[in-house]
1. Name, by its number, the condition in (1) among the aromatic types (Phe, Trp, Tyr); (2) within 27 Å of Lys140 (Cα to Cα); (3) out of contact with any strand residue (DSSP E or B) (no Cβ under 7 Å at 6 or more places or on another chain) that does not hold for Phe7.
2. Is segment 103-115 home to any residue that is open to solvent by 60 Å² or more (accessible area, probe 1.4 Å), under 16 Å from Ile41 (Cβ atoms) and either of a type in the set (A, V, I, L, M) or modelled with pLDDT of 80 or more (or both)?
3. Here are some residues: Glu75, Glu48, Glu52. Which one is among the acidic types (Asp, Glu) and farther than 15 Å from Tyr123 by Cα?
4. Restricting the search to segment 19-55, which residues are open to solvent by 60 Å² or more (accessible area, probe 1.4 Å) and more than 19 Å from Ser6 (Cβ to Cβ)?
5. Scanning for something modelled with pLDDT under 95, on the phi > 0 side of the Ramachandran plot and within 15 Å of the chain's Cα centre (by Cα), does segment 11-24 turn up at least one residue?
6. Any residue in segment 15-35 that is among the β-branched types (Val, Ile, Thr) and under 15 Å from Val73 (Cα atoms)?
7. From the set of residues in segment 7-44 that are assigned to a loop (DSSP other than H, G, I, E, B) and touching a helix residue (DSSP H, G or I) at 6+ places or on another chain (Cβ under 7 Å), which is nearest to Met91 (Cα to Cα)?
8. Which residue pairs have Cβ atoms closer than 9 Å, lie 6 or more positions apart in sequence or on different chains, and pair a first residue in segment 1-12 that is aromatic (Phe, Trp, Tyr) with a second residue that is surrounded by 12 or more Cβ atoms within 10 Å (Cβ to Cβ)?
Amino acid sequence: PLPDDSFDVVISNGAFCLAPNKEKAFAEILRVLKPGGRISICTSTTKEANLEAGVNWPLCMKMFIPIEDIVPVCEKLGYVDVFVDDSDSLMTMELPEEVLEDTNPNRSKIHVGSEEFKHLEEYDMNKLCARVCVVARKPK
């Protein structure tokens, strides 16, 4: 493990949502932050505490933290100035045509080409999930 109080800043862009235990992950980040250190964690969340029962959800979605749990978890661990920025929370986005040239046209769909998750096309992922950026600080 890394030494305590090692880093001024810890950032994550998209991988944090796959940590199996978010509280332990936030605790480990807090441990390695120097006093006054900051975090910026961009992650996917669910908008409700639980996804609809009986639906075959992809593992990644089952692992998303409910957005309402982020601030209480972080504050319980000792973070201060915790803020969840959901100003750009849409799970879908428009890409310029030149970016999409020579790519799979289904690339922006859930689990591309998978019959196992075809049923999810019926769901509006922007109503179920949100991309957020969690910013917080370790006290000095």
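The values are calculated or read from the model by the stated rules, or taken from the named source; none is laboratory data. Everything numeric here is computed off the predicted structure, so don't read it as measured data. Ideal geometry is used to build each Cβ from the backbone, glycine not excepted, and the neighbour counts take in all protein chains shown. Note: accessible area is taken over every heavy atom of the protein model, side chains too, but ligands, DNA and RNA are not part of it. Shrake-Rupley method; radii C 1.70, N 1.55, O 1.52, S 1.80 Å.
1. So Phe7 meets the others, but not (3).
2. no
3. Only one candidate passes the filter, namely Glu75.
4. Once the filter is applied, which keeps residues that are open to solvent by 60 Å² or more (accessible area, probe 1.4 Å) and more than 19 Å from Ser6 (Cβ to Cβ), segment 19-55 yields Pro20, Asn21, Glu23, Lys47, Glu48, Asn50, Glu52, Ala53, Gly54.
5. Among the residues of segment 11-24, at least one is modelled with pLDDT under 95, on the phi > 0 side of the Ramachandran plot and within 15 Å of the chain's Cα centre (by Cα), which makes the answer yes.
6. Yes, segment 15-35 contains at least one residue that is among the β-branched types (Val, Ile, Thr) and under 15 Å from Val73 (Cα atoms).
7. For segment 7-44, the residue satisfying everything is Ala19.
8. Taking only residues 6 or more apart or on different chains, the pairs are Phe7/Ile29; Phe7/Val32; Phe7/Leu33; Phe7/Lys34; Phe7/Gly37.
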